[in-house]
Each structure stands twice: as C-alpha cells, then as structure tokens.
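Below is one structure; the comments refer to it alone.
Where a number appears in this text, it was derived from the coordinates with a stated rule and is not lab data. All figures in this text were calculated on a predicted structure; none of them were measured in a lab. Backbone-built Cβ (ideal geometry, glycine too); neighbour counts: all protein chains shown.
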Amino acid sequence: MRQIIDNDPNICVTAEAASGEEVREAVTRSEFDVLLLDISMPEPSGIDLLQKLKAARCSAAILFMSMYPEDQFAVRLLKSGASGYLTKESAPDQLISAIHKVAEGGRYISPSLAEILADNLTVASGRPAHETLSNREYQIFCMLASGKSVSETAVELSLSVKTVSTYRSRILDKMKMTKNAEFTYYAVKKGLID
C-alpha cells in the first residue's frame, strides 16, 4: 500500500502505526487529513478506534481498508462516521482515488458498495436480524458464528469473558436464537462468514 501511495505526488504519508493505540498517540501529537485504518488492527480494533476518534472529535477523514467483504462491515462503519471503505482486493485500483475523495470531504463508496446500499433502500421494513445488532454485537456475533469460543473472543477483543457473555445473551435475544450453532447456521446462510 505504501508503494501505491508514494507514487502519487499529491499524497504525503506523515506517519505509520502498527496498532490502534499507536494511531491514537499519533493523532494527539499531529493533525492528519486522512487516516487509513484496518478493521483487524490490534489494540483497539479499527471499529473501536473509529468510535474513540469520533468521541475525541478527530477531524481527519477515516478511510477503512479491510479483507472483509463490503457487505459485512462497510455500511456499519459509514453509519458510525467513517468516510469510506474498500477491500484489500480492490485497494490497488481504488486506493488513490479513495484517499483523494475523502481528503476533499467526500465519502468514498465503491460501485459494489453503492449497489449494496441501493439494495438496502429497496428492502421493506423487515430488516435481517443481524442488521439490528450494534457494531460491537455484530463483531462478536461474527466471531462466535465462525466457531470462536466466548473466551477466545474475549482475548481477541481485549474484553472480559463476562462482558462477551453479556453481549452473547443480548445477541441471542435480539436475533431470537438460543445457541451459538444457530449463529453459525444463520451467518453461513446469509453469507456473513465462509
């Protein structure tokens, strides 16, 4: 990604970070026009970091790049204040235009994400159950649905087992389910996990 960005004379990379905490520290020391984040970055994850940056009134445009398909996280992140989202597969072709778009105050939406958003507009009031979940609930739902245990999920998200268990109970209630196996069945059926 750095090589692609360095080829554009109008973009200057002023900092790099290996974790969410390093991003937070950099943002307190300097101002940035655009932050390019990954959902899966460690401590805190990109999703948590977005919420913290927005709460701290960070003025930088936040562009997400992730291995996760757009239909899993993009709409949620845009609703939470992200300026754009692109997959790592599409990044080489779209990265520069996405950075320019969000730096100018716009939102970057790929053609495939635009189609997803258009489809969401035409869906009747019966929203799929997973769309009723908060960002954190959805993140935990996907992890549990993919076979991770409550304790593995807790470790990966730096939460207590009790907190993840509470989220799990809430998710079960919201989705009208009784066990994790139903999460997996639902997530596979809806194409949310492989």
Inset, instruction - Determine the gain in length on full extension of the stretch residue 56-residue 2; use 0.36 nm per residue of separation and subtract their C-alpha separation, reporting nm with one decimal. - result: 16.7 nm
Legend entry - Dipole of the chain, positive end: most advanced residue of 40, 149, 17 [Cβ charges, Cα centre]: 149
Inset, instruction - Send over the per residue convex hull volume for the range 2-122, Cα only, as a whole number of Å³. - result: 100 Å³
Legend entry - Calculated FRET value between residue 22 and residue 174, using beta carbons and R₀ = 41 Å, to 0.05: 0.75
Inset, instruction - Report, to the nearest 10°, how far helix 46-55 tilts away from the longest principal axis of the Cα atoms in the chain, using its own Cα long axis and a range of 0 to 90°. - result: 70 degrees
Inset, instruction - Mind checking which aspartates and glutamates have their Cα closer than 20 Å to the Cα of residue 176? Skip sequence neighbours fewer than 8 apart in that chain. - result: 131, 137
